[in-house]
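Below is one structure, written out as structure tokens; the observations come after it.
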Amino acid sequence: MPTDEQLRDDAAARLRAAGLRVTAPRVGVLVALERESHADADTVARHVRTSLGAVSTQAVYDVLHALTEAQLLRRIEPAGSTARYETRVGDNHHHMICRGCGVIVDVDCSGAAPCLVPAHAHGFDVDEAEVTFWGRCPACQNDDDTRDKENG
């Protein structure tokens, strides 16, 4: 895993490449999401405050919005959950979400984007498909098995 300094340097370079000013909150948000992908805004804010001190929740939301608009972040909105953010952008990957603990993992596309083709495109030029797989992660499956044995 890269050091915090390496992550900050990389974040600053990405901001400059996107034509954005390099600010401590922007760098802090990118570093937080490199450390914990698929985090919600409150989690990102906690991480940023740990590294920078006082930063308002509104400032974090503003940074998340600006970085999403600049395509440095991707916002996903799983059903029944708050918006989550990740730094993996520019590819057509999908997500798998555990119904038990809520953990989210990336799932690579099985082919070239959009990797899924609708039966009828209705005249659309489809360039991306967003799929969310739902299930139970291994840890939650083990918990279920343990409970079944204890109750069985």
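Do any trypsin sites (Lys or Arg not before Pro) in region 39-138 lie in a DSSP loop with no more than 13 other beta carbon atoms within 10 Å, and if so, which? Please report the intermediate quantities before stating the final value.
Numbers: sites: 46, 49, 74, 75, 84, 88, 99, 136; in loops: 88, 99, 136.
Passing sites in region 39-138 are 88, 99.
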With a cut-off of 8 Å between alpha carbons and a minimum separation of six or more residues, what is the relative contact order of region 36-152 in percent? 20
Label corresponding to Cα Rg over 2.2 N^0.38 Å when calculated from the structure given, among (i) 0.95; (ii) 1.23; (iii) 1.12: (ii)
Hey, can you grab everything whose amide H is under 5 Å from the amide H of residue 137? Only 5+ residues off in sequence or another chain; H modelled, so Pro and N-termini drop out. 99, 100, 101
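Nearest 5 percent is fine: what portion of the DSSP beta bridges confined to the chain is antiparallel?
Details: 8 of 12 bridges.
About 65 percent, rounded to the nearest 5.
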Give me 76, 104, 97 ranked fewest to most by other Cβ atoms within 10 Å of their Cβ, as a rough exposure proxy. 76, 104, 97
Add -39500 (n - 2.57) for each DSSP H run of 4 or more in the chain, then divide by its residues: what number comes out at 222 nm, to the nearest 500 deg cm²/dmol? -13500 deg cm²/dmol
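None of the figures in this text is laboratory data; all of them are computed from the coordinates on show. All figures in this text were calculated on a predicted structure; none of them were measured in a lab. Cβ atoms come from the backbone with ideal geometry, glycine included; neighbour counts cover every protein chain shown.
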